Amino acid sequence: MQKFREAHNIWEIWELIKNSRPEHCQVWQVINGQRQVYFLDEINFEVVEKSLFVRIKDYDGKLRLDEFVYFHLDNRETIFKVGLKKINQDILTLNFPSVVKTEELRSIPRVSFKTEQEKYVFLNLMEKNNLGQERKLKCRLLDLSTQGMAILVTNSNKKLFLNADSIEISHICDQKLTQPIAMELKNNKSHQIRENGKIVNANRFGFSLAMELELDQLLSDLD
């Protein structure tokens, strides 16, 4: 059985769209109780305006500006809905999706958090060559699974993480763990979030955990 998750990061969403084959993707509107379905010829994205542009195959002029447009992409069965800004012959200008549902490829599903949810973790970092000095840091939580997590690391803290002898997590939001859990860095890459109407450049660090989390109980406590 397929499992799905929500994706919120603009660049992850664009990768899902970019790696789809337009001729195998569908858009539709429900008008007067009936679906008007079309296949695509082309998909493009404009970063600054955060707009999606699609060229419709065999367009017959029936789409309406006052209704949502629904998408189904062939890449990982991704689905989303967006507002329609403009129709110019067979080219649609649409809002870029803020969230999509996409197939979960991991054997262990993860839960993603929106920026406005403001979920944080508290970490202990043991620095290299600094007489065993420990730093305590608070970082924004991006996603979480039973065996790993991704956090937002500022550019100013990036070297601390890359040069740390050891990293442990002690709290997830205000939930103190029964004991600190060791974390192992698996990957890191540049990452952007929108905060207070501005684009913030930072880094996404992915970790595995030395102990498995009781995710269901933890998520119920975080709500």
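For A182, all conditions in the list (1) closer than 19 Å to Q117 by Cα; (2) over 22 Å from the mean Cα position of the chain (by Cα) hold save one; what is the number of the exception?
Every condition holds for A182 apart from (1).
Of the numbered conditions (1) without any contact (Cβ under 8 Å) to a residue 24 or more places away in the chain; (2) within 29 Å of W14 (Cα to Cα); (3) among the aliphatic types (A, V, I, L, M); (4) surrounded by 13 or more Cβ atoms within 10 Å (Cβ to Cβ), L137 satisfies every one except a single condition; which is it?
Failing condition for L137: (2).
Given (1) within 25 Å of E15 (Cβ to Cβ); (2) out of contact with any Asp or Glu (no Cβ under 7 Å at 6 or more places or on another chain), identify the lone condition not met by A150.
Among (1) within 25 Å of E15 (Cβ to Cβ); (2) out of contact with any Asp or Glu (no Cβ under 7 Å at 6 or more places or on another chain), A150 violates only (2).
Does K50 qualify as being modelled with pLDDT under 90, of a type in the set (K, R), surrounded by fewer than 16 Cβ atoms within 10 Å (Cβ to Cβ) and more than 16 Å from N95 (Cα to Cα)? Break it down into steps so the answer makes sense when it comes.
Values: modelled with pLDDT under 90: yes; of a type in the set (K, R): yes; surrounded by fewer than 16 Cβ atoms within 10 Å (Cβ to Cβ): yes; more than 16 Å from N95 (Cα to Cα): no.
So K50 fails the test.
Hey, could you check the stretch 81-112 for residues that are without any contact (Cβ under 8 Å) to a residue 40 or more places away in the chain and either under 22 Å from the mean Cα position of the chain (by Cα) or within 19 Å of E15 (Cα to Cα) (or both) and say which is surrounded by the most Cβ atoms within 10 Å (Cβ to Cβ)?
Applying the filter and picking the extreme gives V82.
Considering each residue of the stretch 127-172, count those that are farther than 26 Å from L215 by Cα and of a type in the set (A, V, I, L, M, F, W, C), and give that number.
4
Quick one: is D74 charged (D, E, K, R), surrounded by 14 or more Cβ atoms within 10 Å (Cβ to Cβ) and touching a helix residue (DSSP H, G or I) at 6+ places or on another chain (Cβ under 6 Å)?
Working: charged (D, E, K, R): yes; surrounded by 14 or more Cβ atoms within 10 Å (Cβ to Cβ): yes; touching a helix residue (DSSP H, G or I) at 6+ places or on another chain (Cβ under 6 Å): yes.
In short, yes.
Please go through the stretch 177-204 and pick out each residue that is exposed (fewer than 14 other Cβ atoms within 10 Å of the Cβ), without any contact (Cβ under 8 Å) to a residue 24 or more places away in the chain and in contact with a strand residue (DSSP E or B) (Cβ under 7 Å, 6 or more places away or on another chain).
The answer is N187, K189, S190, I199.
With a cut-off of at least 1 residues that are acidic (D, E), name the strands (runs of 3 or more DSSP E) lying wholly within the stretch 1-114. Spell out the reasoning first.
Numbers: elements: 4-7, 26-31, 34-46, 51-56, 69-72, 79-82, 84-88, 91-95, 100-103.
Once the strands (runs of 3 or more DSSP E) in the stretch 1-114 are filtered for at least 1 residues that are acidic (D, E), what remains is 4-7, 34-46, 100-103.
Only one of (1) on the phi < 0 side of the Ramachandran plot; (2) modelled with pLDDT of 90 or more; (3) loosely packed, with under 13 Cβ neighbours inside 10 Å fails for L40. Which number is that?
The one condition L40 does not meet is (3).
The values are calculated or read from the model by the stated rules, or taken from the named source; none is laboratory data. All values derive from a computational prediction rather than experimental measurement. Here the Cβ is made from the backbone with ideal geometry for all residues, glycine too, and neighbour counts use every protein chain on show.
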